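Working notes, beginning with the structure itself.
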Amino acid sequence: MKKITKIVAVIMLLVFGIHRSYLFILPNITLINNTVNRIDTAIVTLPNSRIDFGEIKSSKRNTIYYNLAQGDGEYQYHIVSKDKVLKGACGYVTKSEYHKRLILMVQQDLTIICLNNK
C-alpha cells in the first residue's frame, strides 16, 4: 500500500511540475485595473487570436495565457470603462516568443501603461 501511495504522489508531482513548466513557457498578458471604476470590457487582439478579459473590478487584475503560434504584429487593445473607450496598440508580438509577458495597466486618468519583458 505504501508503494502505491508513493507512486501516486510521484505521478502527481510530475504532472504538477509539467503543468507549471508549460505555464512558464507560454506567453501571457496581464491587465491591471488601477482605477476606482470597473473595466466593463477589455479585449486584446493579436495577429492570430483575440483575448477577452471580460469585466475587471477596481484594483484587480486578470492574466490570460495565449498560443505561441502567432504571426507578426502589434497587440491591439480595446478597453471600455465607465462609457470611455480606450483603443491603441502596445508592444510587438512574433511567432514562438517563449515566456513573453505583457502587462497593460489602466491608470486612474485612463491612460495605458505597457510593460513588456522582451
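Of everything in the range 21-63 that is free of Cβ contacts under 8 Å to residues at least 60 places away in the same chain and of a type in the set (V, I, T), the residue that is farthest from I103 (Cα to Cα) is T41.
Give me a count of the residues in the range 52-64 that are charged (D, E, K, R) and assigned to a strand (DSSP E or B). Spell out how you get there, then give the answer.
If we filter the range 52-64 for residues that are charged (D, E, K, R), which is where we start, we get 52, 55, 57, 60-61.
If we keep only those that are assigned to a strand (DSSP E or B) as well, we get 52, 61.
Qualifying residue count, the range 52-64: 2.
Counting residues that are closer than 11 Å to L46 by Cα and either hydroxyl-bearing (S, T, Y) or touching an Asp or Glu at 6+ places or on another chain (Cβ under 7 Å) (or both), which strands (runs of 3 or more DSSP E) fully inside the range 65-106 reach at least 2?
73-81, 84-93
The single condition from (1) at pLDDT 95 or above; (2) within 15 Å of the chain's Cα centre (by Cα) that Y66 fails is (1).
Of the residues contained in the range 46-64, none is found to be loosely packed, with under 15 Cβ neighbours inside 10 Å, farther than 17 Å from N116 by Cα and touching a Leu at 6+ places or on another chain (Cβ under 8 Å). Of all residues in the range 101-118, those that are on the phi < 0 side of the Ramachandran plot and without any contact (Cβ under 8 Å) to a residue 12 or more places away in the chain have Cβ atoms under 6 Å from Cβ atoms of residues that are surrounded by 14 or more Cβ atoms within 10 Å (Cβ to Cβ) and among the aliphatic types (A, V, I, L, M), 6 or more apart or on another chain, in I113/M105. Of the residues I43, I4, I29, the single one that is of a type in the set (A, V, I, L, M) and either at pLDDT below 95 or in a helix (DSSP H, G or I) (or both) is I4.
Looking at F24, is it surrounded by 15 or more Cβ atoms within 10 Å (Cβ to Cβ) and of a type in the set (F, W, Y)? Please lay out each step first, then the result.
On the way: surrounded by 15 or more Cβ atoms within 10 Å (Cβ to Cβ): no; of a type in the set (F, W, Y): yes.
In short, no.
The values are calculated or read from the model by the stated rules, or taken from the named source; none is laboratory data. Because the structure is predicted, anything quoted here is derived from the model rather than measured. A quick note on method: Cβ atoms are made from the backbone with ideal geometry, for glycine too, and the neighbour counts reach across all protein chains shown.
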